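Single-structure report; data block below.
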Amino acid sequence: MTVAVAESCTGGLVMARVVAIPGSGDWFLGGVVAYDAEVKFDVLGVRRGPVVSASAAQEMAAGVRRLLNADIGVATTGVAGPETEEDRPVGTVFVGLAGDGDAFATEHHLDGPPDRVRSRAAELAISKIIEARS
């Protein structure tokens, strides 16, 4: 089962951790760091509107899946800090997962400084990849 990743608030951290997994070259295709909202809209096909949301995470995951022709797409979007964004508090993170015909996202509220939020968000995304590949 092949995997592609779209990242916003994690800024490439998920992909860096995935490529450190022995054997990931057999199933990891690549990804897109869509830090700017316009990249989410133009490259991943996210509908214009709030990007710190479950729907944006779902659309990012579906977009990277389609773009890289992967079996599953995983995405992260959220507010790592230090300031709120789109009226969402620091630590609000959405992790999206898209497969054949379905997509969903989970909402998380993480504590700590920005580097801790990003690290924990990456761990959550990797756990989704492991679950999906099991």
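The values are calculated or read from the model by the stated rules, or taken from the named source; none is laboratory data. Quick caveat, the model's predicted, so the values are computed rather than measured. Positions of Cβ are generated from backbone atoms using ideal geometry, with glycine treated the same way; all protein chains shown enter the neighbour counts. Accessible surface is based on the protein model in full, side chains and every heavy atom, while ligands, DNA and RNA are left aside. Shrake-Rupley method; radii C 1.70, N 1.55, O 1.52, S 1.80 Å.
Remarks
- Of the residues making up region 76-85, just one is surrounded by fewer than 20 Cβ atoms within 10 Å (Cβ to Cβ) and outside any loop (DSSP other than H, G, I, E, B), namely Glu85.
- Restricting region 86-105 to residues that are in contact with a strand residue (DSSP E or B) (Cβ under 7 Å, 6 or more places away or on another chain) and either without any contact (Cβ under 8 Å) to a residue 24 or more places away in the chain or in a loop (DSSP other than H, G, I, E, B) (or both), the residue that is farthest from Ile72 (Cα to Cα): Gly91
- Condition check for Arg17 on (1) open to solvent by less than 10 Å² (accessible area, probe 1.4 Å); (2) assigned to a helix (DSSP H, G or I); (3) under 24 Å from Pro114 (Cα atoms): one failure, at (1).
- Meets criteria (of a type in the set (D, E, K, R), farther than 14 Å from Ser8 by Cβ, open to solvent by 80 Å² or more (accessible area, probe 1.4 Å) and in contact with a Leu (Cβ under 8 Å, 6 or more places away or on another chain)) for Arg116: yes
- Residue ID - farthest from Pro50 (Cα to Cα), chosen from residues in region 87-104 that are small (Gly, Ala, Ser) and open to solvent by 30 Å² or more (accessible area, probe 1.4 Å): Gly101
- Within region 36-64, being under 14 Å from Cys9 (Cα atoms) and without any contact (Cβ under 8 Å) to a residue 12 or more places away in the chain holds for Asp36, Val39.
- Flag: Phe41 does not match the condition of being assigned to a strand (DSSP E or B), farther than 25 Å from Ala20 by Cα and modelled with pLDDT of 95 or more.
- Identity of the residue in region 52-69, assigned to a loop (DSSP other than H, G, I, E, B) and open to solvent by 10 Å² or more (accessible area, probe 1.4 Å), that ends up nearest to Ala121 (Cα to Cα): Ser53
- Val33 meets each of the listed conditions (1) within 14 Å of the chain's Cα centre (by Cα); (2) in contact (Cβ under 8 Å) with a residue 40 or more places away in the chain apart from (2).
- Note on region 45-78: residues that are farther than 16 Å from Gly99 by Cβ and touching a helix residue (DSSP H, G or I) at 6+ places or on another chain (Cβ under 8 Å) total 11.
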